[in-house]
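**Student:** Just dropping this structure here.
Any read-out appearing in this document is the output of simple, stated calculations on the displayed coordinates, not a laboratory observation. Predicted model, so just to flag it, every value in this text is computed and none were measured. Note: ideal-geometry Cβ built from the backbone for every residue, glycine included; neighbour counts use all protein chains shown.
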Amino acid sequence: MASKRKRAAVDGGKKPKLELALDSEKQAEFEEKVKEIKAKAVNGSREGRGVIYLKHIPHGFYEPQMKRFFSQFGTVTRLRLSRSKKSGNSKGFAYIEFEFEEVAKVVAETMNNYLMYHKLLKCEFIPKERIWPDLFKGCNRMFKKPIAHKLALERHNSLAKNPERMEKSRKKLIRKQKRTKNRLRAMGIDWEFDGYSDPEADSKTDDTAEAKPEQAKESDEATPPKKMKKDNKESSPPKKTKKDNKESSPPKKTKKDNKELKKAVQQSP
């Protein structure tokens, strides 16, 4: 520690330069070139690297197995296996980047139509024009199975323990149900379906149902009793039958009677 402090005191507290050019006049240019090289190393210069697209990947052939298998062709710089966000299961295709473009082309030719675990692999070389910046996004992260569905289940089941949240969710569902019913009525569809019950609306209907029989009793007391059909039949006169009509009607004249009348008219002076 003491030796370092002495050196710093001799240099005036400044760190000594590690990059020194052979020619002192070209020191500035040399430092700029070193900065550019370092920036490329930090940002990850991908010049001269090749990418392949692999599909029909069988179950069980995941990131560690793929990296170990394809490393026999050359250095694998990046690898991304596409997975489902919900379940975390493999979607069956991946992108692999090699250190050299020539190696990637050789892998694409060799591994195309390669039989693996009863599946025929399809491998294709991707040119630089078709590579987008986010192609290998999250490739360096360790895979962890998503637990979003478990959190959602816990969140849903926790409603039963919290009555305030339960009441809020119930009101929200009832409002949504009313909106759907109003939309159906606006379209001319009058359809009543069993949904979420609204206790406020149910209490109003119960009050109206209780009020209706009381109103009916009052109206019954005010209005006089109606006559029954039997009483009306007894008070009304008896209807005439066909026989009575025949007896009351005068007898019809026959053809003989008409002939006799004509003779009598002709004989009269």
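**Student:** Could you order peptides 65-78, 89-102, 116-129, 134-147 by the average number of other Cβ atoms within 10 Å of their residues, highest first? Present the calculation step by step, with values, prior to reporting the outcome.
**Tutor:** On the way: 65-78: 14.4, 89-102: 17.1, 116-129: 12.9, 134-147: 10.8.
The most tightly packed comes first, giving 89-102, 65-78, 116-129, 134-147.
**Student:** Further question on the same structure: How charged is the neighbourhood of SER71? Take every other residue with its Cβ under 14 Å from the Cβ of SER71, and add Lys/Arg as +1 and Asp/Glu as -1.
**Tutor:** Result for the neighbourhood of SER71: 0.
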